[in-house]
Amino acid sequence: LSGARMEGANLSGARMEGADLSRARMEGADLSRARMEGADLSEARMEVANLSRARMEGANLRGARMEGAVLYEVRMEGAFLLEALFGHSLIWYTSMKSALISHVTFDGAGLMSADFSNSFYVEPVASRTTFLSAFGDGSVLLPEGVAAPAHWPEESLTKSAFLARWRGWRESRGLPWPPPGRALSDEVFSGAVFGLGFGLFDLPSIPATPPNRPVDPSEIADP
């Protein structure tokens, strides 16, 4: 399957454990619940794909492109994430524990309840800027020795409060809302998360919360 053309394909639940998917073209594909543990996904194109509940433990994602994708409850423990691109994606309840993270890009992405604990974060101390270009909150578990960026709220936010503050932060940086890409379009995003029991959100109409506004108690998620 190396170099296979599967753009926009329905690959939900597909069994591709250990497959050679290097340089595969899967832009806009439905990869929800796909099993890709130990697969070679180096330089694979998965921009704006729905990766909800995909399994990629131990996968080689070197240079993989996932910009604008939905990553909800994705399992990436022990994955090789050198130069992987997650720009403008939504990463919720995803585990990258014990993954190798080096030169990864999260430009404009939203991180909530993402787990990077015990990961091998290979960046010089002086240039540890991986997470500075993303928006997150207090629910994110960062690699050891990495401090949360100053623009991240310390509190763990409710889902609606997170989306509102992500929008406000993006717009303060001149980034469009919703983020570009089919996976985060209103119809596809709502269908992806609603089908997983996550709740229904109308992304374009989410009100923007200014990033410098103090967090209101109503925005804080229940413990």
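The values are calculated or read from the model by the stated rules, or taken from the named source; none is laboratory data. It should be emphasised that the depicted structure is a prediction, and the values quoted were computed from it without experimental measurement. Counting neighbours? That spans all protein chains shown, and the Cβs are built from the backbone with ideal geometry, glycine included. The area values use the complete protein model at the heavy-atom level, side chains included, leaving out ligands, DNA and RNA. Shrake-Rupley method; radii C 1.70, N 1.55, O 1.52, S 1.80 Å.
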Exception for ALA134 within (1) within 17 Å of MET36 (Cα to Cα); (2) modelled with pLDDT of 95 or more falls at (1)
Quick one: which residue in LEU163, LEU175 is modelled with pLDDT of 90 or more, assigned to a helix (DSSP H, G or I) and under 26 Å from ASP30 (Cβ atoms)?
-> LEU163
Matching residues in segment 141-154 (in contact (Cβ under 8 Å) with a residue 12 or more places away in the chain and either closer than 14 Å to TRP169 by Cβ or basic (Lys, Arg) (or both)) number 5
Kindly check whether there is at least one residue in segment 138-150 that is at pLDDT 95 or above, within 16 Å of TYR72 (Cα to Cα), outside any strand (DSSP E or B) and open to solvent by less than 20 Å² (accessible area, probe 1.4 Å).
-> yes
In this structure, is SER117 open to solvent by 10 Å² or more (accessible area, probe 1.4 Å), at pLDDT 95 or above and among the hydroxyl-bearing types (Ser, Thr, Tyr)?
-> no
Qualifying residue in segment 8-19 (condition: touching a strand residue (DSSP E or B) at 6+ places or on another chain (Cβ under 7 Å) and under 28 Å from PRO176 (Cα atoms)) | yes
Checked segment 1-32 for anything polar (S, T, N, Q) and not in a loop (DSSP other than H, G, I, E, B); matches are ASN10
Going by the conditions given, is ASP107 among the charged types (D, E, K, R) and within 30 Å of GLU171 (Cα to Cα)?
-> yes
Positions within segment 5-26 being under 19 Å from the mean Cα position of the chain (by Cα) and surrounded by 23 or more Cβ atoms within 10 Å (Cβ to Cβ), in sequence order | MET26
